[in-house]
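Below is one structure, written out as structure tokens; comments come after it.
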Amino acid sequence: MEKIQTQAEWIARAKAVFPAGGFGNFDPNIVIHDGKGSRVWDENGNEYIDYLIGSGPMLLGHGHPEVIEAVLEQLPKGMTFFANNAAGIELAEDIIAAVPCAEHLRFLSSGGEADMYAMRLARAFTGRDKILKFEGGYHGMSAEAQMSLAPAQMSNFPQAIPDSAGIPDAVRNEMLIAPFNDLDFLRSLLVEHGHEIAGLIVEPLQRIIPPEPDFLEAVREECNKYGIVLIFDEVVTGFRFSYGGAQETYGVTPDLCTLGKVIGGGFPLAAIAGRKDIMVHFDQAIVGSDQWLMMLGTLSGNPIAAVAGMKTMEVLRRDGAYDTLNANGERLMGMFKKHLTAEGIVHQVVGHPTLFDVVFTDQTVRDYRHVQQSDTNRNAKFNVVLRAEGIFKSPGKTYPSLALMEADFEQTDRAISVAAKAIAYS
Ligand SMILES: Cc1ncc(COP(=O)(O)O)c(C=O)c1O
């Protein structure tokens, strides 16, 4: 009989094969064995309510029977072709029908790749080099995206700080960094540099920080004024905030957007979508070699991912799906507020019902620096107790799913109460 491995054994094996003992994504001291509906289990059989949901894709919960059925139907027909296939074409049609800015689309395997192409595409379209991003904004792992993602040292805007080794200064020199939600700063930066900037990339909800009223509208106007390509990174918000994403929710249409997570239904798939006259730079026959962006990816448009994504989106289109998701999130946000307030703990619950977290501060959280200045030690302690109480979440985000049941809410309420008490007395 095969010996059952304990979690400690798996952790030791991981340390032997991975730098820092893990995939690089998440705490390597937990190894997940399986997931079903709203729950996951670790290799020791401990059960958790899952608020990580694979870092966002598993919006329907784990092992949704209709998604499994769609995947099982596709599997014997072929796992990947590299060539155009019907599943990928249909998924593209569904996305274009849903997302306001999407006229044409290309697939990739990860959100970070989509963001990299979006920035390159803005450069090709405008013939300019500079990219503007907001401090703390996350857009994957490209050299550009690694600028001022999570700087420990606060520098003067608009200077970019690399968050990774191995990035040449040449990249840094072409990046401009601005604080999120600061229109005055943005406007003055654009007066000086507006005509040099190819693209402005922004998460419409930056990590968990909402845009202030009219911020995105004003960003849209400023981009129009200077001919800057506005890129919404909707890798997280796409098909989560609403079926049309944050651009539908906030009523601001970018020129390009990037999508990932939900559209692959738990499989590797992402997309860049947007205006045809910009996306045309992927068509060499029309723009010519000098203006063309080559784009290749072995798994782009993978049919298994496409059918999983399509089925996930079909479920999300059903009556009441987003009402339930939002209600689930609001209920959880309310629990955090209730218990932390009862213990007299200064905090803010920041975000959108579909994606939020607690920040231990008395300030309104408007940008990255406000989160940095919050009591992050308290946050870490809070998350440790939540984990011990059966809550599985990322250190900076809580993602509700549609799979949450009454028992999950009851257990979560108790867990938050215990965690709030624990940090009140620590
Ligand atoms: C806003 C945002 N953009 C891009 C990415 C990168 O996506 P991926 O991990 O699929 O490369 C992420 C991942 O979490 C994200 O949150």
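The values are calculated or read from the model by the stated rules, or taken from the named source; none is laboratory data. Worth saying up front: this structure is predicted, and the values here are computed from it rather than measured. Cβ: placed from backbone, ideal geometry, glycine included. Neighbour counts: every protein chain shown.
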If the Cβ limit is 7 Å and pairs must be 6+ apart or interchain, which residue in the stretch 68-89 that is closer than 9 Å to Ile304 by Cα pairs with which residue that is among the β-branched types (Val, Ile, Thr)? Ala70/Val307; Val71/Ile304; Val71/Val307; Gln74/Ile304; Gln74/Val307; Leu75/Ile304; Met79/Ile304; Ala87/Val307
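Tell me the residue from Val371, Val384 that is out of contact with any Phe, Trp or Tyr (no Cβ under 8 Å at 6 or more places or on another chain) and within 30 Å of Asn156 (Cα to Cα), please.
Details: Val384 fails: within 30 Å of Asn156 (Cα to Cα).
Exactly one of Val371, Val384 is out of contact with any Phe, Trp or Tyr (no Cβ under 8 Å at 6 or more places or on another chain) and within 30 Å of Asn156 (Cα to Cα), namely Val371.
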In the stretch 219-266, what count of residues is obtained for those that are touching a Cys at 6+ places or on another chain (Cβ under 8 Å), under 24 Å from Leu91 (Cβ atoms) and within 16 Å of the ligand (Cβ to nearest atom)? 10
Can you tell me which condition Phe26 does not meet? The list is (1) of a type in the set (A, V, I, L, M, F, W, C); (2) in the same structural domain as Leu269 (by TED's automatic domain parsing); (3) within 16 Å of the ligand (Cβ to nearest atom), and all the others hold. (2)
When you scan the stretch 80-94, do you find a residue that is away from the ligand (no atom under 16 Å from the Cβ) and over 30 Å from Asp277 (Cβ atoms), even just one? yes
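Are any of the residues in the stretch 150-165 among the acidic types (Asp, Glu), within 27 Å of Val252 (Cβ to Cβ) and either touching a residue at least 12 places away in the same chain (Cβ under 8 Å) or part of a loop (DSSP other than H, G, I, E, B) (or both)? Give the derivation first.
Taking the stretch 150-165 as the starting set, the residues that turn out to be among the acidic types (Asp, Glu) are 163.
From what is left, the residues that are within 27 Å of Val252 (Cβ to Cβ) are none.
There is no residue in the stretch 150-165 that is among the acidic types (Asp, Glu), within 27 Å of Val252 (Cβ to Cβ) and either touching a residue at least 12 places away in the same chain (Cβ under 8 Å) or part of a loop (DSSP other than H, G, I, E, B) (or both).
Scanning for something surrounded by fewer than 21 Cβ atoms within 10 Å (Cβ to Cβ) and either not β-branched (Val, Ile, Thr) or not in a loop (DSSP other than H, G, I, E, B) (or both), does the stretch 196-204 turn up at least one residue?
Within the stretch 196-204, the subset surrounded by fewer than 21 Cβ atoms within 10 Å (Cβ to Cβ) is 196.
Those still in the list that are either not β-branched (Val, Ile, Thr) or not in a loop (DSSP other than H, G, I, E, B) (or both) too: 196.
Checked against the condition, which is being surrounded by fewer than 21 Cβ atoms within 10 Å (Cβ to Cβ) and either not β-branched (Val, Ile, Thr) or not in a loop (DSSP other than H, G, I, E, B) (or both), the stretch 196-204 yields at least one hit.
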Tell me which of these Ile131 doesn't satisfy, since it passes every other one: (1) within 16 Å of the ligand (Cβ to nearest atom); (2) of a type in the set (A, V, I, L, M); (3) without any contact (Cβ under 8 Å) to a residue 60 or more places away in the chain. (3)
Restricting the stretch 191-219 to residues that are within 23 Å of Arg128 (Cβ to Cβ) and β-branched (Val, Ile, Thr), the residue that is farthest from the chain's Cα centre (by Cα): Val191
Can you find, within the stretch 59-68, the residue that is nearest to the ligand (Cβ to nearest atom) among those that are at negative phi and surrounded by 12 or more Cβ atoms within 10 Å (Cβ to Cβ)? Leu59
Say whether the condition of being farther than 24 Å from Phe82 by Cα and more than 14 Å from the ligand (Cβ to nearest atom) is met by at least one residue in the stretch 107-123. yes
Of all residues making up the stretch 60-74, the number that are in contact with a helix residue (DSSP H, G or I) (Cβ under 7 Å, 6 or more places away or on another chain) and hydrophobic (A, V, I, L, M, F, W, C): 4
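For the stretch 281-371, list the helices (runs of 4 or more DSSP H) that sit wholly inside it and hold at least 1 residues that are within 24 Å of Asp50 (Cα to Cα), modelled with pLDDT of 95 or more and of a type in the set (Val, Ile, Thr); which are they? Break it down stepwise before answering.
Details: elements: 284-287, 303-317, 321-342.
The qualifying helices (runs of 4 or more DSSP H) are 303-317, 321-342.
Output the residue which, of all residues in the stretch 202-231 that are among the β-branched types (Val, Ile, Thr) and touching a helix residue (DSSP H, G or I) at 6+ places or on another chain (Cβ under 6 Å), is farthest from Ser394 (Cα to Cα).
Just the residues of the stretch 202-231 that are among the β-branched types (Val, Ile, Thr), to begin with: 202, 208-209, 219, 228-229, 231.
If we keep only those that are touching a helix residue (DSSP H, G or I) at 6+ places or on another chain (Cβ under 6 Å) as well, we get 229, 231.
Values: Val229: 32, Ile231: 26 Å.
Step by step, filter the stretch 202-231, then rank; the result is Val229.
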